[in-house]
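Okay, so here's the structure we're looking at.
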Amino acid sequence: MKLEWIELEGFRQYFSRQRLTFSKDADRRVTVIHGVNGAGKTSLFLALNWCLYGRIVDNITIIDNVGELVSKEAVARTPIGGKVQASVTVCFLHDGERYRIRRRVEVMKESAEIIVPTGYEIATMMRVQSDGQAIEVRNLIGMMNSILPANVRQYFLFDGEKIDNFAKPEAAAQVKQAIDLVLKLELLNRARYHLNLAATEYRKELKQKSSGELRKLIEQEEQARKVREDTQARIRELTDEIQSARLKIKDIDQKLDALPNAQALQKDRQRIERDLKQRGDEREKAVQYIRDLATTSHFILAQSAFAKALGVLDTKRERGEIPSSIRRQFVQDLLDEMKCICGRDIEAGSLEYQRLQQLMQKSISSKLENEVLDTTAALRVVVERVQPTLLDLRETMDQRVKLSEIIRDLEGEQSDVERQLKGSPLEEISRLEKNREEYRDDIERMTLEIGTCEGEVKSLNARIKNLEIEREKAEKAEARERLLSKKMEIAQRAADAIENAYQAHADDMRQRIEVKTKEIFKSLVWKESHFRDIQLGPDFNLEVIDRYGFRARPELSAGERQVLSLSFITAMSRVSGEEAPLVMDTPFGRLSSQPRDNITRYLPELTDQLILFVTDEELRGQSLENLKPRIGAEYRLEFNPDTSCTTIEEVK
Amino acid sequence: MPQERIERLFSEWDETTQKVVRETLSLEREYISYEKPRLKDQLDMLIERAAKYEVALQDREREETSPV
């Protein structure tokens, strides 16, 4: 991040629009803003912070009351009930792109002394493209977090007089937090924490869901398919055997037909078999017809209820109640017109009027009447169908009984023929018939078995279909489990990767900062020979070791603590490689000339952009001379005591 | 620059881990100024994306190596 310019309007003592352009020149990277006490240095510093981060960012309060931001001069010039605005715009470069943030707040003047905010502060962030087109950045906080997070800001934009905190003995936690934030260790820490949390939750979920159900279902399905295959093979085998038995019977029949003593009986048998087949077919048809009637004529069961309902309706019709002899609409019309059917007028409350009222109560609505008539007609159709259907059913059942009797008789005849053939004195006929009987018994047995097998196949088909549905469900569940398991594995792997990298990276960063802090401290402090070493231990205590090997931090002067803190901050900035400006408000207030001269000599080398808010007393003599070759922009804040307003004047 | 340095810390890890770490860090960076950011859903989304990719990769490898 490199600041380009800031523009203020109606902001504290900056009543009129003021703009200040920062130096971005690599050689002349310093911008100095001079101002006497109260001229507006701190207001300008506040304007920069407020514009970039707002009033409160994640519990860091930048300004308590936005009313304080509005120019008093602007308020004074506004009539009571009028509105006043304060606005700040900051333009900066980051990663080769130009950004512009404008933040404003509006207040209403309730009385001469009271102003109240009319709403929240409004901030807009634009990304300016190379063609000059500006696109609004929707997530300002997210974007600023990726450029210079609010909680890291304090290490780059700070009040020089308050930065000695890092050098205080109790500052280990602050030092650690600063390193965590600036060196992105906090990022790693949070990522590790959240990934571990995610992995734990996935594990928990997986434990609840995992069942092994799919494996069981696949086994069951495989088994059912195997049984079905075996059964189907058995059916094929039996069918072949039946076919073969039939051929044998045919063969025997041919032999019997050729034997004169068996010919007559064979002819009888053939006739009986033909008849048996025909009667069998007829009986089968009758059975089927009965079955169909049974399934489609359930209304027969409600016959008595239908007849009773029809009786009730017919009785009402016979009595003239349905259709009603009194038309409701007709009576209603007479009542509406207050006219008798003969044309005479009717008076309310008269006998005629009362009679019409009574008729009205007796009448029923035409809609209900129509419904009743329709129902009667429908019931009549159903009742009329009952008798023929019942008759039909009885006839068919009788026919079936008759056919069964005929078949029984034919079977008796058939047995008789077989007995005669079997008992034939001619051995060949007897033997052939016995063989024939055996084959026929086999066919019967096998046909029965086929029936059983087909039943089994049918039930197996249903079972396999159910298992397929269950398996598909289980497959979906297992796919989810598999994905969950993979998610757990990946989250854990990523958390472990960060865990492994974190400590080594943290130690490496700490050691680099230690070395860099030492290097910078030595160049900035004036008693460099007195201080031998700077240590930043694993406990994050920033320690100064004097020439005698003693810890010198408790004895450091306020100025030396400031130098140590500044060294630490700039060391962090250098080690992190973060491209951010160093903006310091009154940086040299506590420093005597020697350290001030050193800082002004070396500090510009430690950052890409240095912005200093100084009083004339802070920066003069050798210090100013040291800085001069690096100053690219210089301004003076001119405070006008007559208007209490400040203007920004460029120092040529 | 610091971003690249952090990413280099994971260069030894497999591609998916690197991607998940990179995306998680990017997400964390966006919410770094929040004390307790709610990242559960976004984190789940990026992990699921990576998991689906790996599962699909495994399935493809299995198909390629399984006998026809």
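Data overview
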{"item": "Point-charge dipole on Cβ atoms (K/R +1, D/E -1) for the stretch A:427-474, about Cα centre, debye to 20", "result": "420 debye"}
{"item": "Histogram of C-alpha separations across the stretch A:423-569, 10 Å bin width, %", "result": "9, 17, 10, 8, 8, 7, 7, 6, 6, 5, 5, 5, 4, 3, 0"}
{"item": "Mean projected area in nm² (Cα convex hull; one quarter of hull surface) for the stretch A:373-439", "result": "6.5 nm²"}
{"item": "Kirkwood hydrodynamic radius (C-alpha pairs) into Stokes-Einstein, chain A, 37 °C and 0.692 mPa s, D in µm²/s", "result": "87 µm²/s"}
{"item": "Long-range Cα-Cα pairs in the stretch A:242-296 (distance over 19 Å), rounded percent", "result": "52 percent"}
{"item": "Placed amide H near A:Arg98: partners under 5 Å, 5+ positions off or other chain", "result": "A:Val128"}
{"item": "Rounded to 5, the percent of DSSP beta bridges in the protein assembly as shown classed as antiparallel", "result": "75 percent"}
{"item": "For the stretch A:107-118, Karplus couplings with θ = phi - 60° (6.51, -1.76, 1.60), whole Hz, Gly/Pro x", "result": "10, 10, 8, 7, 8, 4, 10, 10, 10, 10, x, 8"}
{"item": "Positive-end extreme of charge dipole, chain A - chosen from A:Ser111, A:Leu310, A:His298 (charges on Cβ)", "result": "A:Ser111"}
{"item": "Over the stretch A:448-535: Rg over Rh, Cα atoms, Kirkwood Rh", "result": "1.76"}
{"item": "³J(HN,Hα) computed for each position of the stretch A:607-617 - Karplus, 6.51 cos²θ - 1.76 cosθ + 1.60, integer Hz, glycine/proline x", "result": "8, 7, 8, 10, 10, 10, 9, 10, 8, 4, 5"}
{"item": "Per-residue [θ]222 nm for chain A (sum of -39500 (n - 2.57) over DSSP H runs n ≥ 4, rounded to 500)", "result": "-20500 deg cm²/dmol"}
{"item": "The stretch A:596-652 - Rg (one decimal) and Dmax (whole number), Cα, Å", "result": "13.3, 41"}
{"item": "Built amide H within the under 5 Å cut-off of A:Val583, gap 5+", "result": "A:Leu157, A:Phe158, A:Ile611"}
{"item": "Prolate/oblate/rounded label for chain B (Cα gyration tensor, a/c 1.5)", "result": "oblate"}
{"item": "Over the stretch A:172-224: Kirkwood hydrodynamic radius from C-alpha pairwise inverse distances, Å", "result": "14.8 Å"}
{"item": "Reciprocal of mean inverse Cα separation for the stretch A:196-259 (Kirkwood radius, Å)", "result": "17.1 Å"}
{"item": "Built amide H within the under 5 Å cut-off of A:Leu619, gap 5+", "result": "none"}
{"item": "Distance from the stretch A:268-319 to the stretch A:155-189 (C-alpha centre basis), Å", "result": "98 Å"}
{"item": "Euclidean distance between Cα centres, the stretch A:379-436 to the stretch A:600-652, Å", "result": "125 Å"}
{"item": "Bins of 5 Å, starting at 0 and running to the largest distance - Cα pair percent for the stretch A:68-193", "result": "2, 8, 13, 13, 12, 13, 14, 12, 7, 4, 1, 0"}
{"item": "Cα gyration tensor category, rounded, prolate or oblate, for the stretch A:1-138 with a/c compared to 1.5", "result": "prolate"}
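Throughout, read-outs are computed from the coordinates displayed, never taken from laboratory work. Quick caveat: nothing in here was measured; it's all calculated off a predicted structure. Heads up, the Cβs are rebuilt from the backbone with ideal geometry, glycines too, and the neighbour counts pull from every protein chain shown.
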